[in-house]
Amino acid sequence: RFKPELRIPGPVPVPNEVALQMAKPMINHRGAYFKEHYPAVLKRLAPLFGTTNQVHMITGSGTAGMEVAVSNLVSPGTPVLCLVGGFFGNRWADLCKAYGAKMHILEFPWDGGVDPEQVATYLKQHPEIELMFMVQNESSTAVLNDVESVAKARGNHSALLVVDAVSALGGTPCQMDAWGLDVVVSASQKCLMTPPGTAFVVFSPRAREYSDRCTASRYYMDLRRYEQYMEKSETPFTPNIHNVFALEEALSMIEAEGLENVFARHILMRDMMRAGARAVGLELLVKDEDASPTVTGIRFPNADSFRARIKKQYGVEFAGGQGIHANNIFRVGHMGYATPLDVLTALAVLEMDMKKYGQATQAAEQVMEA
């Protein structure tokens, strides 16, 4: 009945120019054409990571990229610290447990950011910790964590910092080299505006050296295989070929807009969404200083029935809450292929459902004009 309006924090709508790449004839992934484009696309992705290190592509979801990080670093008994303030922080902990790590977990409230001072204190108390895992943009809570400050909080501690940037990369700055991050993981279906199916992993030289000592069993996830095959511009296993060409097109769009302009657009959409929600009396899940530029969490009683209602009536789809926030919040994605007009559409639906016509969109428009 309606044109679907997908406003969830991934997978995101895909631009037509990008989607058309998925319809190209199949080619040989060991052939000259793919071997020419594959390393070039990964090199163009590196500025989004803020790194000069090699970007590797894994065919799989973002979690596959997370598992590459864990399986190449965590040996049985390795002391690790997981910073958990949401569903995806928990996922780091689950992965580390699966690989037999000796677990340390710092819990943070699921409506705020990781506290660097607490991290610094904990690390001083536990000099044995070798690896630390965190999420840059915790999309389950709509929190943007201050990765740079957490990296600095290590001080002289030797722990490597591993970052999930799945719902952050391409929507907010990531400066892997400048901030001293050791591993960064991301994926295709968020701010990169491409279909699901590819994850991206970058190891610093220090992390790569550390991984040489890792004794965990691994095969498909073994980064050493990817490095060997990258020397001849190939992947060790059959890749998601068309996603490479989709990403190539998406990167052209990002480069044409300019990365700083992309970041500014995401901040504008965040501020519009938050101003509009407040204008109709809704409570935001997180404070302004912790607010994600790519997804907004809004408290709403019996949120799942509200989401079902607006999807049926208007064709607009919001995401539900996860973990402790299930059915207590809804989440609005404004990442990647999204514009201020999409935010106005989302707010108009809220107005109509709440019978508060014009209030949210007018507040958002004032943010646009500021």
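The values are calculated or read from the model by the stated rules, or taken from the named source; none is laboratory data. Just so you know, these numbers come straight off a predicted model, no measurement behind them. When we count neighbours, we look across all protein chains shown, and the Cβ atoms used for this are built from the backbone with ideal geometry, even at glycine. Just so you know, the surface numbers come from the protein's heavy atoms only, side chains and all, with ligands and any DNA or RNA stripped out. Shrake-Rupley method; radii C 1.70, N 1.55, O 1.52, S 1.80 Å.
None of Val68, Val18, Val41 is open to solvent by less than 40 Å² (accessible area, probe 1.4 Å), under 30 Å from Ala348 (Cβ atoms) and part of a helix (DSSP H, G or I) except Val18. Does region 35-47 contain at least one residue that is out of contact with any helix residue (DSSP H, G or I) (no Cβ under 6 Å at 6 or more places or on another chain), more than 30 Å from Glu257 (Cβ to Cβ) and without any contact (Cβ under 8 Å) to a residue 60 or more places away in the chain? Looking for residues that are out of contact with any helix residue (DSSP H, G or I) (no Cβ under 6 Å at 6 or more places or on another chain), more than 30 Å from Glu257 (Cβ to Cβ) and without any contact (Cβ under 8 Å) to a residue 60 or more places away in the chain, one finds none in region 35-47, hence no. Could you go through region 101-113 and let me know if any residue there is open to solvent by 10 Å² or more (accessible area, probe 1.4 Å), of a type in the set (Val, Ile, Thr) and free of Cβ contacts under 8 Å to residues at least 40 places away in the same chain. Yes, because at least one residue in region 101-113 is open to solvent by 10 Å² or more (accessible area, probe 1.4 Å), of a type in the set (Val, Ile, Thr) and free of Cβ contacts under 8 Å to residues at least 40 places away in the same chain. Total residues in region 215-264 satisfying the condition of being farther than 22 Å from Ala23 by Cα, open to solvent by less than 40 Å² (accessible area, probe 1.4 Å) and either without any contact (Cβ under 8 Å) to a residue 60 or more places away in the chain or assigned to a helix (DSSP H, G or I) (or both): the figure is 7. Residues that are surrounded by fewer than 17 Cβ atoms within 10 Å (Cβ to Cβ) and of a type in the set (Gly, Ala, Ser) were ranked within region 358-370; the one that is farthest from Tyr314 (Cα to Cα) is Ala370. Within the set Asp222, Asp271, the sole residue that is more than 30 Å from Ala348 (Cα to Cα), within 24 Å of the chain's Cα centre (by Cα) and modelled with pLDDT of 95 or more turns out to be Asp222. Among the residues of region 128-149, those identified as aliphatic (A, V, I, L, M) and closer than 15 Å to His104 by Cβ are Ile129, Leu131, Met132, Met134.
The number of residues in region 265-288 being assigned to a helix (DSSP H, G or I) and among the aliphatic types (A, V, I, L, M) comes to 8.
Hey, among the residues in region 320-357 that are assigned to a helix (DSSP H, G or I) and among the charged types (D, E, K, R), which one's surrounded by the fewest Cβ atoms within 10 Å (Cβ to Cβ)? Even if it seems obvious, please write down each step before you answer.
Initially, region 320-357 is screened for residues assigned to a helix (DSSP H, G or I), giving 323-325, 340-354.
Filter again for among the charged types (D, E, K, R), leaving 342, 351, 353.
Working: Asp342: 21, Glu351: 18, Asp353: 15.
Only one residue tops the list, namely Asp353.
Does Asp177 count as over 27 Å from Val41 (Cα atoms), in contact with a Ser or Thr (Cβ under 9 Å, 6 or more places away or on another chain) and touching a residue at least 60 places away in the same chain (Cβ under 8 Å)?
Against the criterion (over 27 Å from Val41 (Cα atoms), in contact with a Ser or Thr (Cβ under 9 Å, 6 or more places away or on another chain) and touching a residue at least 60 places away in the same chain (Cβ under 8 Å)), Asp177 does not qualify.
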